[in-house]
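Okay, structure first, notes after.
The values are calculated or read from the model by the stated rules, or taken from the named source; none is laboratory data. Just so we're clear, the structure is a prediction, and the values are computed from it rather than from any experiment. Neighbour counts are summed over all protein chains in view; Cβ atoms, including those assigned to glycine, are modelled from backbone coordinates with ideal geometry.
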Amino acid sequence: MTALTVESLTKSFGAKLALDDVTFTAEEGQLLTLLGPSGCGKSTTLWSIAGLHQPDHGRITFGGDPVFDAGRGVNLPAERRECGVVFQSYAIWPHMSVHDNVAYPLKLRKVPKRERAARVAEVLALVELDGLAGRYPHQLSGGQQQRVSLARALAYQPRVLLLDEPFSNLDAKLRDRARAWLRDLQQRVGITTVFVTHDQDEALSMSDRVVVMHDGAVAQIGVPEDVYHRPVDLFVADFVGSVNLIPGDVVSVSDGVAEFVIAGTQTAVRVAADASVRPGPADLGVRPEALTLAAGDTTGPTISAERVGRRFLGDHYRHLVRCGDAEFAVQNAVPEIPERPLLQLGEHQLYPRNPS
Amino acid sequence: MLTVPALRRSSWAVRHRSTAVQYLVWVLTVVVVVGPLVPVVWASLWSTPLYDDGGSWTLANYRNLLSDPAWWTAVGNTAVFAGLATAAALLAGTALAVALNRVRLPGRRVFRALMLAPILLPGLPLMLGWISMYSKAGYVTSWLDRHTPVPVFWDLYTVPGMALVATGSLTPLVYMVVSTALATSDHTLELAARTSGAGPVRALLSATVPLLRPAVLNAGVIGFALCFEVVGLPMLLGTSNNIDFVSTYLLDNWRNAYPPRQGLVSAGAVLLLVLLSALLVLRNRLAGDLARFTTTTGKPAASEPITFRGRWVVSALIAWYFAVTLLIPAAGLTLQAFTSVLSPFIDPWTVLTTDHFHTVWNNNQFRRSLTNSLLIAGVGGLFATIAVTAIALVAHRSQMRMRRGLGHVVLYPRAIPGIVTGMAFFWSFALLDKGGTIRSSLWGIGIAFAVRSLALGYTAFYPALAALGEDLDRAARVSGADWFTAMRTILVRILRPAIAVSYVLLFVAMFADYDPALFLVTPGNEVIGLTMLGLWATGSAGPVAALALIQLAVTALVLGLARLVFGRTAFRRTAQ
């Protein structure tokens with residue numbers, strides 16, 4: 001069942017279009033990620049869902065009930081939308097104890113004192129903070145504060161859980177653990193969740209679906225594997241993981257195969273091409289780990305390159321190679337590659353250059 | 001799992017109370033700040049006083065004012081006075097700011113504390129101390145004349161003399177503005193000069209001081225504007241030599257002219273208001289108005305003060321400055337209050353007395369003015385604090401359509417001279433309160449004082465509010481609280497210390513204020529400042545000094561208690 005729909009959201013700040021016809025849906029119990037660089041409109045989208053920003057146009061419904069509909073003048077205020085929100089800053093109220101922070105939404109809903117205490121204890125146990133109810137925010141670590149924020153958001157069983165870059169204030173080690181923990185908790189509670197992040201690892205590892213945003217518009221929607229392996233455009237390819245762009249020219253196309261000449265070389269490489277590819281200047285996009293050292297019995301397209309340098313990155317190496325005018329990266333676990341490696345071209349895509 | 005009931009559907013009234021509160025605050029603020037100025041402008045363009053029937057539109061008031069040579073003399077005097085006082089205060093204030101903040105001077109902690117005293121303490125008592133020490137017949141002057149060859153070249157009863165007295169109170173203001181700029185200036189610039197080969201003093205003078213120019217300019221505009229509304233000083237020192245300032249010219253024509261020239265006075269008030277508003281606009285251009293508060297949260301790392309030989313000489317000079325401008329006048333005031341006669345020809349220890357305090361206590365007018373001032377400051381300050389909190393929350397934490405203008409409206413009273421505020425409320429009461437019930441109660445003066453202090457309270461409160469992330473209120477909203485509940489249960493609670501500090505500052509300011517009361521006072525409603533001004537002239541210096549001392553003591557007590565409770569940083573930050 002569709003728990004959340006966002007339809008044609010548009011919002012402009014002065015001349016700048018912050019949201020440009022943003023549309024997506026989230027199914028019941030799913031974790032949906034809004035992924036994009038800062039300023040892409042992902043937070044504005046989240047705030048619009050929460051009722052903290054008012055879009056100019058569009059429609060937002062929770063389980064079929066409209067909470068915002070510009071056409072019909074519906075705009076439920078934030079306090080009536082029943083969204084649990086975890087803020088990037090956590091926004092724990094410093095003058096209240098952990099218990100009072102979590103109890104606040106229950107108090108507003110006039111939950112009797114005894115049940116309130118029981119529910120607070122239950123939610124604190126859920127986020128593994130039992131025993132800290134009497135503490136004040138300044139006595140908690142960053143990770144604990146974040147869990148208080150989560151407990152507060154979950155306390156009154158909201159219809160949607162909204163998370164705004166919740167891990168950005170944690171250090172790298174803690175962040176990894178927190179991701180796994182949160183994903184597990186979200187699945188146990190089964191709450192529909194919208195998660196905002198600019199971190200592709202986070203998006204890929206946690207989400208049921210990823211919405212990649214760029215310049216206020218949706219660039220691609222799909223499961224993490226789709227977005228990574230079949231990026232719809234250069235922006236998505238580059239933002240989700242890294243991609244080498246090898247400049248050159250498509251000299252001919254036939255039957256889904258293009259003859260591609262890398263700039264500064266004479267030999268053509270036969271690469272896959274979809275229907276939109278026409279002869280002319282283009283970039284060949286290939287991820288560094290999709291370039292492998294060709295063994296003797298190689299089939300498929302290869303590129304012969306020249307070794308330039310390398311960087312050691314802990315669990316792998318990144319070798320810099322040159323072919324014609326192009327310099328690009330090859331990623332593998334081998335410390336040394338030959339001086340003139342023959343590289344097998346794995347998953348790749350051609351991006352025609354705009355004539356401009 | 002327990003099921004949580006949904007938010008109850010609230011009544012129409014509850015659903016709309018946030019909006020209602022926001023609009024109410026907006027309307028009330030505009031009405032009390034800008035509203036009273038309307039009748040002043042009207043009165044300046046009307047042929048008869050507004051409380052009389054009849055009359056018609058006219059420019060005669062402006063014509064009469066601008067063709068009165070006495071007006072131009074007053075404007076000239078005020079301009080010369082403002083120019084001299086501002087220039088002197090800029091020099092002294094900037095030098096003190098650099099010396100006390102950037103040089104490792106012996107005693108600088110004490111000096112810094114002394115620097116704040118003239119800003120926080122009421123000005124009139126210190127002024128009286130100056131007069132009793134340094135005027136022609138003053139204690140110090142007579143003593144120097146008699147016992148030393150130092151020629152007495154100064155005369156407080158002249159325009160430069162009054163500028164000298166004003167310098168004493170303007171300097172700390174310049175000091176505050178420049179110190180703030182120094183605290184946020186980039187210390188590495190100075191270090192870069194050091195690595196290029198400049199000595200510490202040279203580096204300070206060539207890298208840091210030139211960058212203070214915007215702050216100095218800003219302080220200059222503030223100081224100049226303040227000089228134009230000064231009223232107590234020319235009343236005390238100008239009257240005997242017939243030196244009129246703009247303020248005393250207007251006051252004199254209001255009170256003593258026959259037939260009354262209230263139209264002309266209103267015209268003068270409008271011109272004064274236009275001038276000061278223009279200066280405020282200029283200042284905002286220079287300083288980027290609210291931006292100056294955000295720097296208070298700036299870099300926490302303090303830069304290392306420099307040191308050089310001969311800094312003892314600088315310290316001695318500064319000590320001398322404080323002795324002359326602060327300690328001797330304060331001591332003089334105290335002596336005045338505790339002796340039956342204060343004169344260098346009589347040993348003060350032989351004429352010690354507490355009679356003056358008895359007089360204050362037994363005299364109805366003295367006692368009443370003290371209780372009136374305490375009431376106005378205590379109760380009025382409370383209302384003003386509530387108003388400031390509400391206004392700041394609507395202006396900065398609501399989604400109300402017209403919220404942005406509100407911050408400017410509440411800061412505008414800075415550009416309204418005290419006597420114009422007084423006149424504005426006089427006309428407003430004359431029009432709206434024909435029976436005179438408000439005017440004859442303390443509420444009349446209290447409201448005028450409160451409006452005048454709004455800007456101060458707001459500037460004290462705003463930095464604390466700005467430092468609170470908006471996620472805190474957003475979190476309350478998404479939890480199910482409407483705007484009003486979010487403000488009440490979250491922001492106001494967290495901001496309690498800042499609200500208390502605002503209250504203390506408003507109390508102190510309203511306890512010391514008297515300018516607007518010059519136009520509003522009715523028998524029985526005197527405030528301390530007015531009583532002191534009125535009775536000093538009649539020669540009862542002793543009881544006035546006693547009253548002044550009581551005013552100082554109450555203020556110091558309130559500030560001291562507040563500092564104990566809230567720590568000192570809160571005041572350092574807001575004193576400007």
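Quick check: anything in segment B:19-31 out of contact with any helix residue (DSSP H, G or I) (no Cβ under 7 Å at 6 or more places or on another chain), touching a residue at least 24 places away in the same chain (Cβ under 8 Å) and either closer than 27 Å to B:VAL230 by Cα or outside any helix (DSSP H, G or I) (or both)?
no
Would you check if B:THR184 is under 18 Å from B:ALA99 (Cα atoms), touching a residue at least 40 places away in the same chain (Cβ under 8 Å) and surrounded by 19 or more Cβ atoms within 10 Å (Cβ to Cβ)?
Working: under 18 Å from B:ALA99 (Cα atoms): yes; touching a residue at least 40 places away in the same chain (Cβ under 8 Å): yes; surrounded by 19 or more Cβ atoms within 10 Å (Cβ to Cβ): no.
In short, no.
Only residues that are facing chain A (nearest Cβ under 10 Å) and in contact (Cβ under 8 Å) with a residue 60 or more places away in the chain: list them for segment B:454-473, please.
B:GLU470, B:ASP473
Taking A:CYS83 and the conditions (1) more than 10 Å from chain B (Cβ to nearest Cβ); (2) touching a residue at least 24 places away in the same chain (Cβ under 8 Å), which numbered condition does it fall short on, given that it satisfies the others?
Only one criterion in (1) more than 10 Å from chain B (Cβ to nearest Cβ); (2) touching a residue at least 24 places away in the same chain (Cβ under 8 Å) is unmet by A:CYS83, namely (1).
Within segment B:450-473, is there a residue that is touching a Cys at 6+ places or on another chain (Cβ under 9 Å) and of a type in the set (Val, Ile, Thr)?
Quick first cut of segment B:450-473, residues touching a Cys at 6+ places or on another chain (Cβ under 9 Å) only: none.
The answer is no; no qualifying residue exists.
Among the residues of segment A:134-161, count how many are within 11 Å of chain B (Cβ to nearest Cβ) and either among the small types (Gly, Ala, Ser) or in contact with a His (Cβ under 8 Å, 6 or more places away or on another chain) (or both).
Number satisfying all stated conditions: 3.
Output the number of residues of segment B:97-138 satisfying the condition of being assigned to a loop (DSSP other than H, G, I, E, B) and touching a Pro at 6+ places or on another chain (Cβ under 7 Å). I'd like the intermediate steps shown before the answer.
Taking segment B:97-138 as the starting set, the residues that turn out to be assigned to a loop (DSSP other than H, G, I, E, B) are B:104-107, B:121-122, B:135-138.
Adding the requirement that they be touching a Pro at 6+ places or on another chain (Cβ under 7 Å) leaves B:104.
The total comes to 1.
Name every residue in segment A:86-101 that is within 7 Å of chain B (Cβ to nearest Cβ) and out of contact with any Gly (no Cβ under 7 Å at 6 or more places or on another chain), in order of residue number. Break it down into steps so the answer makes sense when it comes.
Going residue by residue through segment A:86-101, those that are within 7 Å of chain B (Cβ to nearest Cβ) are A:87, A:89, A:91, A:93-95.
Residues satisfying the conditions are A:PHE87, A:TRP93, A:PRO94, A:HIS95.
Tell me, which residue of segment A:271-296 that is more than 28 Å from the chain's Cα centre (by Cα) and more than 18 Å from A:ARG353 (Cα to Cα) is surrounded by the fewest Cβ atoms within 10 Å (Cβ to Cβ)?
A:GLY296
I'd like the residue in segment A:117-133 that is facing chain B (nearest Cβ under 9 Å) and more than 21 Å from A:ARG81 (Cα to Cα) and, out of all such residues, is nearest to the chain's Cα centre (by Cα).
In this case the residue turns out to be A:GLU122.
Quick one: count up the residues across segment B:474-493 that are of a type outside the set (A, V, I, L, M), under 33 Å from the mean Cα position of the chain (by Cα) and more than 7 Å from every other protein chain (Cβ to nearest Cβ).
Restricting attention to segment B:474-493, the residues satisfying the condition of being of a type outside the set (A, V, I, L, M) are B:474, B:477, B:479-480, B:482-485, B:488-489, B:493.
Add one more test, that the residue is under 33 Å from the mean Cα position of the chain (by Cα), and what stays is B:484, B:488-489, B:493.
This time we only want the ones that are more than 7 Å from every other protein chain (Cβ to nearest Cβ), so: B:484, B:488-489.
So the count comes out to 3.
Would you check which residues across segment B:494-541 are of a type in the set (A, V, I, L, M), in a loop (DSSP other than H, G, I, E, B) and out of contact with any Asp or Glu (no Cβ under 9 Å at 6 or more places or on another chain) and list them?
Applying the first criterion (of a type in the set (A, V, I, L, M)) to segment B:494-541 yields B:494-495, B:498-501, B:504-506, B:508-510, B:512, B:517-518, B:520-521, B:527-528, B:530, B:532-533, B:535, B:537, B:541.
Checking the rest, the ones that are also in a loop (DSSP other than H, G, I, E, B) come to B:495, B:521, B:527.
Once the filter is applied, which keeps residues that are of a type in the set (A, V, I, L, M), in a loop (DSSP other than H, G, I, E, B) and out of contact with any Asp or Glu (no Cβ under 9 Å at 6 or more places or on another chain), segment B:494-541 yields B:LEU495, B:VAL521.
From the list A:VAL269, A:VAL277, which one is more than 23 Å from A:ALA329 (Cα to Cα), modelled with pLDDT under 90 and not polar (S, T, N, Q)? Walk me through it before giving the result.
Details: A:VAL269 fails: more than 23 Å from A:ALA329 (Cα to Cα).
Going through A:VAL269, A:VAL277 in turn, just one is more than 23 Å from A:ALA329 (Cα to Cα), modelled with pLDDT under 90 and not polar (S, T, N, Q): A:VAL277.
For segment A:41-69, which positions are surrounded by fewer than 20 Cβ atoms within 10 Å (Cβ to Cβ) and touching a Pro at 6+ places or on another chain (Cβ under 7 Å)?
A:ARG59
Hey, does segment A:241-257 have a residue that's farther than 23 Å from A:SER205 by Cα, without any contact (Cβ under 8 Å) to a residue 12 or more places away in the chain and surrounded by fewer than 18 Cβ atoms within 10 Å (Cβ to Cβ)?
Checked against the condition, which is being farther than 23 Å from A:SER205 by Cα, without any contact (Cβ under 8 Å) to a residue 12 or more places away in the chain and surrounded by fewer than 18 Cβ atoms within 10 Å (Cβ to Cβ), segment A:241-257 yields at least one hit.
Taking segment B:34-89, which residues are over 22 Å from the mean Cα position of the chain (by Cα), crowded, with 21+ Cβ neighbours inside 10 Å and under 30 Å from B:GLY407 (Cα atoms)?
If the condition is that a residue be over 22 Å from the mean Cα position of the chain (by Cα), crowded, with 21+ Cβ neighbours inside 10 Å and under 30 Å from B:GLY407 (Cα atoms), then B:PRO39, B:VAL40, B:ALA43, B:SER44 are the ones that fit.
Of these, B:PRO234, B:PRO214, B:PRO200, which one is in contact (Cβ under 8 Å) with a residue 40 or more places away in the chain, surrounded by fewer than 23 Cβ atoms within 10 Å (Cβ to Cβ), in contact with a Phe, Trp or Tyr (Cβ under 7 Å, 6 or more places away or on another chain) and in the same structural domain as B:ALA99 (by TED's automatic domain parsing)?
Selected residue: B:PRO200, the only one of B:PRO234, B:PRO214, B:PRO200 that is in contact (Cβ under 8 Å) with a residue 40 or more places away in the chain, surrounded by fewer than 23 Cβ atoms within 10 Å (Cβ to Cβ), in contact with a Phe, Trp or Tyr (Cβ under 7 Å, 6 or more places away or on another chain) and in the same structural domain as B:ALA99 (by TED's automatic domain parsing).
Out of all the residues in segment B:403-415, is one or more under 18 Å from B:SER502 (Cα atoms) and buried (at least 23 other Cβ atoms within 10 Å of the Cβ)?
Scanning segment B:403-415, I find at least one residue that is under 18 Å from B:SER502 (Cα atoms) and buried (at least 23 other Cβ atoms within 10 Å of the Cβ), so the answer is yes.
Please state which of the following conditions B:LEU272 fails to meet, knowing it meets all the rest: (1) at pLDDT below 85; (2) within 20 Å of B:SER428 (Cβ to Cβ); (3) in a helix (DSSP H, G or I).
(1)
Only one of (1) at pLDDT 90 or above; (2) in a loop (DSSP other than H, G, I, E, B); (3) over 26 Å from B:LEU468 (Cα atoms) fails for A:GLN157. Which number is that?
Checking A:GLN157 against (1) at pLDDT 90 or above; (2) in a loop (DSSP other than H, G, I, E, B); (3) over 26 Å from B:LEU468 (Cα atoms), the one that fails is (1).
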